[in-house]
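This report refers to the structure that appears directly beneath it.
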Amino acid sequence: MVAAPEGFSVRVFVTGAGGQLGRELVEVFADHDLVALSREQLDVADRDAVFDALLGAKPDAVVHAAAWTDVDGCEADTDRAWRVNSLATRHVAGAARLVGASVCYISTDYVFSGDGVFPGDTGRPYTEWDQTGPRSMYGRSKLGGELELGAEDTVVRTSWLCGRHGANFVKTMLRLAGERDDIAVVADQHGCPTFADDLAATVRLLVTSRLPGTFHVTNQVPTTWYQFAKDTLSAAGLDADKVRPVGTADLGPPRPAPRPVWSVLDNAALRLSGLPLLADHRESLQRLVKELVDR
Ligand SMILES: NC(=O)c1ccc[n+]([C@@H]2O[C@H](COP(=O)([O-])OP(=O)(O)OC[C@H]3O[C@@H](n4cnc5c(N)ncnc54)[C@H](OP(=O)(O)O)[C@@H]3O)[C@@H](O)[C@H]2O)c1
């Protein structure tokens, strides 16, 4: 594959820079000419503000990490979901086009149905070329964002994000382990945990190498939330037997947005391009838990 050499100097603009991934992006692009704006500094749903900011900064690449990630909230306020996740991406893509910048848009496993590549056919990971079919408003609005992009842009779909910054599953499990003797976790939803620092490093590679197209980028080796919870407690030296498996159906009233049963993304575009895959999620989990526990 012909790609610009990694490390090719680009002026980078990051949206959603205050978020879980955004903060890692700020670190990973620290040696670049970087403009990184949090929601307080730039509301991506404000078209004029987006055009002002991008025309002022004149970046070569925009990493668009801003999103409304409240999956259940999106069901309750669909207009806000469309505005922040879909229409705002139109603003970002339009302004980027004016200044000749490419966009790297961070997307999600929720663009798929979560029922399997073919209905009920769980066991086969979704590739970048499989049919999308979101079942939640969050997934529909993130897919709407994907549809705003052009041939020069990059879509990075990821899943089960966790890391040092912000609230996430690993932090929740560590907290619950200190509060409870019994932690019920769903054992029938499958996916690949992804660590924000590992993801940010691959985003950097794709951006500085100027690789357009859709890429699935997750840490390797699928698991269930139940097994991930047990591995989290074990990594912290805590009693993993506190974690009890339950089925999604046993969890009381269903949540407003359906959770995908099968969210495993095949990182086929990376793999078939000979680009490095992210580490086994259990390796990155050890690193994150150590950092959180040592704090
Ligand atoms: N978390 C996951 O498990 C997961 C999985 C797959 C894909 N993704 C995708 O990965 C990307 C990063 O997610 P994340 O986990 O880092 O989420 P996050 O922590 O919620 O970060 C998103 C950031 O966007 C900001 N934002 C919200 N509305 C905005 C607006 N109108 N203008 C500008 N900024 C706005 C948020 O600010 P506030 O916090 O102030 O609202 C937040 O700082 C998102 O595109 C998400 O869809 C996440």
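The values are calculated or read from the model by the stated rules, or taken from the named source; none is laboratory data. None of these values were measured; they are calculated from a predicted model. Positions of Cβ are backbone-derived with ideal geometry, glycine not excepted, and every protein chain shown enters the neighbour counts. Surface accessibility is based on the protein's heavy atoms, side chains included, excluding ligands, DNA and RNA. Shrake-Rupley method; radii C 1.70, N 1.55, O 1.52, S 1.80 Å.
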Does at least one position in the range 230-244 carry a residue that is of a type in the set (Ser, Thr, Tyr) and touching a strand residue (DSSP E or B) at 6+ places or on another chain (Cβ under 6 Å)?
no
With criteria (1) among the hydrophobic types (A, V, I, L, M, F, W, C); (2) open to solvent by 40 Å² or more (accessible area, probe 1.4 Å); (3) touching a residue at least 24 places away in the same chain (Cβ under 8 Å), Ala249 comes up short on (3)
The range 63-76, residues that are among the aliphatic types (A, V, I, L, M) and over 16 Å from the mean Cα position of the chain (by Cα):
Ala76
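A quick yes/no check of all residues on (1) at pLDDT 95 or above; (2) within 30 Å of Ala93 (Cβ to Cβ); (3) surrounded by 19 or more Cβ atoms within 10 Å (Cβ to Cβ):
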| residue | (1), (2), (3) |
| --- | --- |
| Met137 | yes, yes, yes |
| Lys142 | yes, yes, yes |
| Gly150 | yes, yes, no |
| Val155 | yes, yes, yes |
| Thr158 | yes, yes, yes |
| Lys171 | yes, no, no |
| Arg175 | yes, no, no |
| Phe195 | yes, yes, yes |
| Val203 | yes, yes, yes |
Regarding Gly150, is this residue small (Gly, Ala, Ser), more than 13 Å from the chain's Cα centre (by Cα) and within 28 Å of Lys290 (Cα to Cα)?
no
For the range 59-134, list the helices (runs of 4 or more DSSP H) that sit wholly inside it and hold at least 3 residues that are within 16 Å of the ligand (Cβ to nearest atom) and surrounded by 20 or more Cβ atoms within 10 Å (Cβ to Cβ); which are they?
88-99
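Looking at the structure I just gave you, is Arg282 out of contact with any strand residue (DSSP E or B) (no Cβ under 8 Å at 6 or more places or on another chain), under 15 Å from Gly191 (Cα atoms) and surrounded by 13 or more Cβ atoms within 10 Å (Cβ to Cβ)?
Yes, satisfied.
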Take the residues of the range 77-131 that are at positive phi and at pLDDT below 95: which is nearest to the chain's Cα centre (by Cα)?
Gly114
Mind counting the residues in the range 35-58 that are among the charged types (D, E, K, R) and not in a helix (DSSP H, G or I)?
5
What residue, among those in the range 160-169 that are among the hydrophobic types (A, V, I, L, M, F, W, C) and in a loop (DSSP other than H, G, I, E, B), is surrounded by the fewest Cβ atoms within 10 Å (Cβ to Cβ)?
Ala167
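This table checks each residue for (1) without any contact (Cβ under 8 Å) to a residue 60 or more places away in the chain; (2) buried (at least 22 other Cβ atoms within 10 Å of the Cβ); (3) closer than 20 Å to Cys162 by Cα.
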| residue | (1), (2), (3) |
| --- | --- |
| Gln189 | no, no, yes |
| Ser209 | no, no, no |
| Gly213 | no, no, no |
| Asp294 | yes, no, yes |
Only residues that are in contact (Cβ under 8 Å) with a residue 40 or more places away in the chain and within 15 Å of the ligand (Cβ to nearest atom): list them for the range 168-185, please.
Asn168, Phe169, Val170, Lys171, Met173
Hey, among the residues in the range 23-34 that are open to solvent by 30 Å² or more (accessible area, probe 1.4 Å) and in a helix (DSSP H, G or I), which one's nearest to the ligand (Cβ to nearest atom)?
Arg23
Return yes when Ser9 is touching a Gly at 6+ places or on another chain (Cβ under 7 Å) and surrounded by fewer than 21 Cβ atoms within 10 Å (Cβ to Cβ) and no when it is not.
no
If you take the residues in the range 35-52 that are more than 10 Å from the ligand (Cβ to nearest atom) and under 24 Å from the mean Cα position of the chain (by Cα), which one is most open to solvent (accessible area, probe 1.4 Å)?
Arg47
(1) over 18 Å from the mean Cα position of the chain (by Cα); (2) within 10 Å of the ligand (Cβ to nearest atom); (3) of a type outside the set (S, T, N, Q) all hold for Gly19 apart from (1)
